[in-house]
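To keep things clear, I will list the structure first and then write my remarks on it.
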Amino acid sequence: MGSVFLATLFIGSLIGGLAHPALLWGLGLASVPILIHLLNRQRHKPMQWAAMRFVLAAYRKTRRRVQLENLLLLLLRTAAIAFLALMIARPFTGADSPLASLTEGRRDLVLIVDGSASMGWRDGVDSVFDRAIKRARDVVHKLQNGRGDRVRLVFAGQYPRLLSWTSPDQALSMLDTLTAPTDEPLDLAAALGDVLHQARTDSGDSQVGGAGKLEVLVLSDLQARAFRPQDTDDAEAKAPASTSTAPKPVAPVDTAKVPADKASEKKGKRAALFEVLDELQSMNVRVVVESLAGGDPIPQNLGIAAVEPLERFHGPGQVAEMGVEVANFGPTEKNSVRVVLEVDGERKPNQSIDVPARGHAQTVFPVVFKTSGEHVVTARLEEGDHLAVDNQRSRVVAVPPAVRVLLVDGAPGSVIEEDETGYLQAVIEPRSDDTSLSTAAPFEPRVIPADELSAPDLDYSQFDVIWLANVESVPAAVVDKLEAAVAAGRALIVSLGDRVDAQAWNARLFHADGTGLLPASIEEHVAVSSRAESYYRVKSFDVTHPALSFFADERFKPLLTEVPVYEFAAVRPIAGARVLATLSDDGSHPLLVERAYDRGKVFLWTSTIDPLWTRLPESPATLVPFVHELLRYAASQPEPPRNVTPGTPLAAETEQFPRNVVLVRPDGARRPLDGEATALPGNRWKLPPVQSKDTEAAGVYRLEMEGGKPISFAISVDPLEGDLERISAADLHALHPAFVASAEMSEDGASEPQRHGELWRPIAIAVLVILILETMWAAWLGVKRSVRA
């Protein structure tokens with residue numbers, strides 16, 4: 001048995017290690033034949049008899065030969081068990097071992113196919129993506145199912161899609177299903193993160209240094225932005241400036257805010273990629289990158305970078321401006337680029353634009369939306385180029401209906417200068433002698449005295465905004481109706497004055513825990529000592545707030561900050577309330593406070609809206625934009641975003657119960673929307689979300705429902721996908737040592753990565769040969785000895 005272990009130690013010096021070293025204890029079973037031999041030996045008491053001397057003489061002649069025959073049979077049986085245990089432990093060796101020629105040589109390949117939108121670029125009949133798929137087939141064809149080769153096929157876009165993970169045949173069948181790239185950017189960190197997970201798994205499953213034998217091949221166009229991802233701040237700082245002098249686009253009309261962590265999703269992409277590469281390098285895994293894009297470092301390409309409204313839409317029937325931004329990612333200037341704009345399928349006259357090399361330019365289209373509601377605006381380049389996916393971009397814009405405003409007059413007067421709501425009505429109500437604007441009026445006001453608030457036929461849900469101006473107090477029944485209306489999504493604006501009973505208002509509409517409507521408790525009345533000598537003014541205001549952003553421009557800022565305020569009511573905001581403007585008094589008291597109340601909003605203006613306490617109404621340049629912007633913002637409802645990137649789940653709400661909701665994809669395919677709608681306050685319904693797997697293609701999607709208006713969404717590719725600048729092989733390796741360009745692999749003769757070959761197959765053959773020899777030897781001995789007997 002000692003010789004067996006000595007032989008094992010000798011073999012161990014030739015191999016590199018064991019995949020399952022714990023199973024090497026099976027070598028102890030090799031001692032079983034020896035133990036059986038020893039146990040079968042019996043001691044006999046010698047007994048002399050006459051004929052025994054002849055048997056002993058014959059035995060002495062054949063003893064050595066029989067012992068050798070039995071020893072050989074014992075060794076064969078012991079070796080069979082020992083080699084069987086060694087085979088199960090899966091020994092492997094490196095390329096420098098004398099046993100390297102006997103290794104199994106199984107290949108473990110991770111094949112990453114770049115499926116980003118930039119792979120659709122064509123410089124001939126085939127696209128870069130077509131060439132990548134053809135190359136992938138060639139690589140997989142060289143693998144062999146018979147020797148146990150494995151391939152992990154990853155289709156990479158903004159997230160990795162694992163298509164196959166076992167045999168080459170499975171990978172080939174999945175490659176046949178890949179006919180076009182996605183409309184997504186490439187997240188290389190996520191794709192290589194999948195490789196890292198596989199490397200960790202291999203290392204955990206064996207002590208082979210299994211990660212070291214992992215081959216990684218990336219088939220890509222070497223788009224620089226994918227291999228050199230920029231953090232958000234860097235990207236914005238280096239973005240080419242537009243050469244157009246057109247106004248800056250305003251925020252989308254739909255009021256849903258971009259999630260606060262949207263920028264943080266892009267933050268750290270560079271760090272994430274390098275963290276993955278560092279760990280792969282520490283595990284001796286190299287990432288071989290092969291370019292299928294040709295040799296042009298900066299291909300010529302034009303794309304529609306943005307379609308944006310240049311101003312807020314105030315209502316149907318009015319002229320609005322849509323800006324179309326064209327990006328030139330190529331090295332030469334492009335002149336007379338024709339741009340086409342379609343509004344709801346109706347084509348507008350095209351415009352020509354000159355776009356500088358590696359720069360942007362903007363052209364402006366005047367449009368008139370005849371109806372309120374959503375409209376689909378599509379811009380495209382009339383002449384296509386080698387990358388089609390960025391030659392067209394759509395946007396869903398929402399034209400708001402007229403804002404229905406209920407003005408509650410707490411101090412009616414005989415003339416407009418003495419009427420509490422007179423100025424408001426004059427500002428928002430269209431002139432009766434101008435019929436051309438009657439269909440495009442942005443507001444629909446209705447004025448009632450304060451005592452009609454309790455009228456049983458007054459339906460608060462028929463108004464978007466309710467403005468209580470200098471109302472003395474509100475009955476308890478009215479408070480309940482106001483709370484229900486605001487909770488359902490309506491807005492309440494309260495402006496104070498000399499008739500307001502602060503104690504009654506605080507008792508019925510204010511609660512310190514925030515359950516009341518008011519965003520602040522109304523405290524003492526504050527007034528200047530002499531209007532002739534002093535006044536208060538706006539000390540500071542939130543320039544980012546939609547209701548006040550008009551005054552953020554330095555040209556218009558004095559219109560708000562220099563208006564005299566002589567009197568106001570000091571207030572104490574609740575926790576969570578937002579102070580939008582403060583006054584210049586000693587206490588810096590709030591002038592305008594906002595709070596959210598369920599789905600609605602509540603505003604408190606601590607002065608009057610008429611000239612009683614302030615000269616604001618006497619400055620039309622201040623009053624008109626302030627009231628208009630405040631009412632528009634107050635009436636706006638938070639809607640799920642309608643313009644998103646590929647792979648974003650879609651959410652929508654409707655004002656009627658949705659029946660038979662169908663999703664219509666850009667290619668016209670239709671399928672029922674799975675899930676149940678959820679009831680919301682204010683007779684609204686939230687539709688079940690459209691999952692991200694159904695929104696991976698760019699274009700216009702629609703949700704159609706029985707008896708209701710369709711809801712549209714526009715999904716557009718990242719405009720920077722059109723930047724086809726390639727990273728060179730030298731820059732790739734300089735980027736990180738784990739990267740290896742395929743050209744470098746062929747130059748240094750290391751086109752085949754070093755692998756740890758396994759010896760289990762030759763050992764299995766050896767076990768089979770030993771068992772055959774043992775069987776034949778035992779049979780021959782039995783026949784031979786029976787003949788002698």
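Key figures for this structure:
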read-out	value
Tensor-based shape of segment 340-384 (alpha-carbon gyration tensor, a/c under 1.5 rounded, otherwise prolate or oblate)	prolate
Segment 513-640 shape via C-alpha gyration tensor axes, a/c threshold 1.5	oblate
Distance violations [Cα-Cα > 32 Å] among LYS481/LYS709; LYS334/LYS693; LYS348/LYS601	LYS334/LYS693; LYS348/LYS601
Pair ALA388, GLU342: separation of 7 Å Cα→Cβ label points (nm)	1.4
Linear extension gain, LEU71 paired with LYS709, 0.36 nm per residue minus alpha-carbon span	220.4 nm
Highest-first arrangement of 74-81, 661-668, where packing means the average Cβ count within 10 Å	74-81, 661-668
Gyration tensor verdict on segment 127-189 (Cα atoms; rounded if a/c is under 1.5, prolate if a/b is larger than b/c, oblate otherwise)	prolate
GLU676 paired with ALA487, simple spin-label distance in nm, labels 7 Å along Cα-to-beta-carbon	2.2
Carbon/sulfur fraction of accessible area - segment 570-702, other protein chains in place, 1.4 Å, %	51
Portion, in percent, of the accessible area of segment 319-393 that falls on carbon or sulfur, probe 1.4 Å	45
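The values are calculated or read from the model by the stated rules, or taken from the named source; none is laboratory data. Nothing here was measured: the structure is a model prediction, and the numbers come from that model. When we count neighbours, we look across all protein chains shown, and the Cβ atoms used for this are built from the backbone with ideal geometry, even at glycine. What goes into the accessible areas is simple: the full protein's heavy atoms, side chains included, and nothing from ligands, DNA or RNA. Shrake-Rupley method; radii C 1.70, N 1.55, O 1.52, S 1.80 Å.
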